[in-house]
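Comments concern the structure below.
The values are calculated or read from the model by the stated rules, or taken from the named source; none is laboratory data. Small disclaimer: the values here were computed from a predicted structure and weren't measured. Every residue, glycine as well, gets a Cβ built from its backbone with ideal geometry; the counts of neighbours run over all protein chains shown. For the accessible areas, the whole protein counts, side chains as well, though only heavy atoms, and no ligand, DNA or RNA atoms are used. Shrake-Rupley method; radii C 1.70, N 1.55, O 1.52, S 1.80 Å.
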Amino acid sequence: MNRAPPLTQLQSTVEATAASPSPSTSANRPTAVARSLLATAWLRIRRSKIALLSLCVVVAIILFAILGPLLSAMSGNDPFTSNTSPEVLDDLQTPGLPLPGYMYPSASHWLGVEPGLGRDLFARLAYGGQVSLTIALLSTAVSVVLGTVIGAAAGYFGGKTDAIISRIMDLFLAFPHLLLVLSLTPILQSRLRDTPLGQGSFLPMASLVIILGFFGWAYLARIVRGQVLSLREREFVEAARSFGASHLSVLFRQIIPNVMGVVLVYATMLIPTNISAEAALSFLGVGVKDPTPSWGQMLNAAQSGNWYLSDPWFLAVPGAMLIVTVLAFNLLGDAVRDALDPKASRH
């Protein structure tokens with residue numbers, strides 16, 4: 001006579017059968033895919049129409065600046081050749097004012113010509129984009145590198161190192177930024193004049209990159225320091241130390257890679273700030289100077305001769321380009337911030 005199996009054995013058999021999925025069920029179940037931080041951020045950006053639009057505009061502006069020489073050659077003009085003939089500029093009623101056929105876009109001059117010298121506006125706008133974006137991107141890179149390394153060192157080492165670096169950060173943040181840049185830029189340009197960086201049009205660009213980059217790191221350093229203060233006690237940092245990793249190895253291989261999300265957000269927000277700063281400095285006459293084109297220098301040329309009164313198009317072209325660029329970078333920075341830290345957009 002066969003005995004029935006015990007109740008506990010039946011229960012364990014049923015539980016095991018329920019816990020183990022059938023082959024058909026496991027085959028139909030979707031597999032979870034692990035994504036990196038950047039991949040997750042890109043997925044969130046793709047879902048936002050504003051983020052995608054701003055990204056497309058930023059890419060288009062960068063390509064416009066990179067392809068500036070090619071586009072200028074296609075238009076048949078360059079940014080430095082003057083044309084003051086009576087067929088182009090008025091020499092009677094308003095001397096130097098472009099004639100109606102040259103003031104606005106045409107087949108020969110895609111955006112018209114500038115008053116006074118008759119240079120092609122499209123070519124100067126394209127070349128000016130190269131100058132403005134180069135200054136903004138390089139100065140942002142300088143600020144990001146300095147702020148990330150100095151802030152990470154302050155948060156990781158702590159103690160006297162943190163105290164000294166924090167006081168230096170407070171000192172930099174206390175400076176009136178615009179007045180400091182206005183006063184130091186001419187001094188730096190005179191110092192760089194006899195160096196390789198002081199040759200031709202590189203002098204104002206190099207001075208602006210150094211000034212804007214050197215005085216823009218403190219705010220990022222404070223943010224990175226706060227992040228590192230919490231990261232330095234995490235398990236993966238303790239594990240790296242227990243395996244004998246040096247302080248520099250822990251700092252650059254464990255700490256800094258884990259704050260790159262914050263750094264990336266700050267960089268995307270700093271680029272439009274530096275674009276505006278370059279335009280303001282060139283507008284005030286301490287940045288890029290004629291004949292080197294930049295968007296700020298073009299605005300300065302429009303107001304210096306009061307040309308904006310008789311030729312508002314000359315002011316509108318670089319002004320609109322500057323507004324669109326700064327707005328696109330700001331919207332992209334907001335999108336990157338929300339994508340990397342979705343909780344921040346809820347507060």
For this session: Answer yes or no as to whether Thr325 is among the polar types (S, T, N, Q), surrounded by 18 or more Cβ atoms within 10 Å (Cβ to Cβ) and modelled with pLDDT under 90.
Result: no
For this session: Check whether at least one residue in the range 115-131 is of a type in the set (Lys, Arg) and outside any helix (DSSP H, G or I), and report yes or no.
Result: yes
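So in the range 75-107, with the set limited to residues that are charged (D, E, K, R) and either in contact with a Leu (Cβ under 9 Å, 6 or more places away or on another chain) or under 21 Å from Gln297 (Cα atoms) (or both), which one is surrounded by the fewest Cβ atoms within 10 Å (Cβ to Cβ)?
To start, the set of residues in the range 75-107 that are charged (D, E, K, R) comprises 78, 87, 90-91.
Those still in the list that are either in contact with a Leu (Cβ under 9 Å, 6 or more places away or on another chain) or under 21 Å from Gln297 (Cα atoms) (or both) too: 78, 87, 90.
Values: Asp78: 14, Glu87: 9, Asp90: 17.
Of everything passing the filter in the range 75-107, Glu87 is surrounded by the fewest Cβ atoms within 10 Å (Cβ to Cβ).
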For this session: For the range 225-238, enumerate the residues that are among the basic types (Lys, Arg), farther than 22 Å from Phe172 by Cβ and either in contact with a helix residue (DSSP H, G or I) (Cβ under 6 Å, 6 or more places away or on another chain) or in a helix (DSSP H, G or I) (or both).
Result: Arg232
For this session: Test Val250 against the stated conditions and say whether it is at pLDDT 90 or above and out of contact with any Leu (no Cβ under 7 Å at 6 or more places or on another chain).
Result: yes
Exercise. Pick from Arg222, Arg241: which is within 14 Å of Val144 (Cβ to Cβ), open to solvent by 10 Å² or more (accessible area, probe 1.4 Å) and assigned to a helix (DSSP H, G or I)?
Worked result: Arg222
Problem set entry | Checking Phe202 against (1) open to solvent by 70 Å² or more (accessible area, probe 1.4 Å); (2) modelled with pLDDT of 90 or more, the condition it does not meet | (2)
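Only one of these is open to solvent by less than 20 Å² (accessible area, probe 1.4 Å), touching a helix residue (DSSP H, G or I) at 6+ places or on another chain (Cβ under 8 Å), among the polar types (S, T, N, Q) and over 30 Å from Val250 (Cβ atoms): Ser166, Ser132, Ser139. Name it. Break it down stepwise before answering.
Details: Ser166 fails: over 30 Å from Val250 (Cβ atoms); Ser139 fails: over 30 Å from Val250 (Cβ atoms).
After applying the criteria, what remains is Ser132.
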Exercise. From the residues in the range 108-129 that are buried (at least 19 other Cβ atoms within 10 Å of the Cβ) and among the hydrophobic types (A, V, I, L, M, F, W, C), which one is nearest to Phe64 (Cα to Cα)?
Worked result: Ala126
For this session: Return the pairs, sorted by first residue and then second, in which the second residue is open to solvent by less than 90 Å² (accessible area, probe 1.4 Å) and hydroxyl-bearing (Ser, Thr, Tyr), the first residue lies in the range 80-91 and is touching a residue at least 12 places away in the same chain (Cβ under 8 Å), the beta carbons are less than 6 Å apart, and the residues are 6+ apart or on different chains.
Result: Val88/Tyr102
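One line per residue, one yes/no per condition, for (1) at pLDDT 95 or above; (2) open to solvent by 60 Å² or more (accessible area, probe 1.4 Å); (3) among the small types (Gly, Ala, Ser):
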| residue | (1), (2), (3) |
| --- | --- |
| Val144 | yes, no, no |
| Gly147 | yes, no, yes |
| Gly158 | no, no, yes |
| Phe172 | no, no, no |
| Pro176 | no, yes, no |
| Leu182 | no, no, no |
| Gln189 | no, no, no |
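Being among the charged types (D, E, K, R) and over 23 Å from Leu182 (Cβ atoms), is that true of even one residue in the range 329-337?
Yes, that holds for at least one residue.
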Problem set entry | Residue under evaluation Val265, criteria (1) within 18 Å of the chain's Cα centre (by Cα); (2) open to solvent by 30 Å² or more (accessible area, probe 1.4 Å); (3) modelled with pLDDT under 90; (4) not small (Gly, Ala, Ser), criterion not met | (2)
Problem set entry | Members of the range 251-264 that are touching a helix residue (DSSP H, G or I) at 6+ places or on another chain (Cβ under 7 Å), within 14 Å of Gly151 (Cβ to Cβ) and among the hydrophobic types (A, V, I, L, M, F, W, C) | Leu251, Ile255, Ile256, Val259, Val262, Val263
For this session: For the range 255-347, please list each of the helices (runs of 4 or more DSSP H) lying entirely inside it that holds at least 3 residues being touching a residue at least 12 places away in the same chain (Cβ under 8 Å).
Result: 260-283, 295-304, 312-340
Problem set entry | Single condition Ala280 does not satisfy, out of (1) open to solvent by less than 10 Å² (accessible area, probe 1.4 Å); (2) over 22 Å from Gly96 (Cβ atoms); (3) among the hydrophobic types (A, V, I, L, M, F, W, C) | (1)
For this session: Check whether at least one residue in the range 232-250 is hydrophobic (A, V, I, L, M, F, W, C) and within 24 Å of Thr140 (Cβ to Cβ), and report yes or no.
Result: no
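Take the conditions of a type in the set (Asp, Glu), open to solvent by 30 Å² or more (accessible area, probe 1.4 Å) and out of contact with any Asp or Glu (no Cβ under 7 Å at 6 or more places or on another chain) and apply them to Asp311. Does it pass?
Values: of a type in the set (Asp, Glu): yes; open to solvent by 30 Å² or more (accessible area, probe 1.4 Å): no; out of contact with any Asp or Glu (no Cβ under 7 Å at 6 or more places or on another chain): yes.
No, not satisfied.
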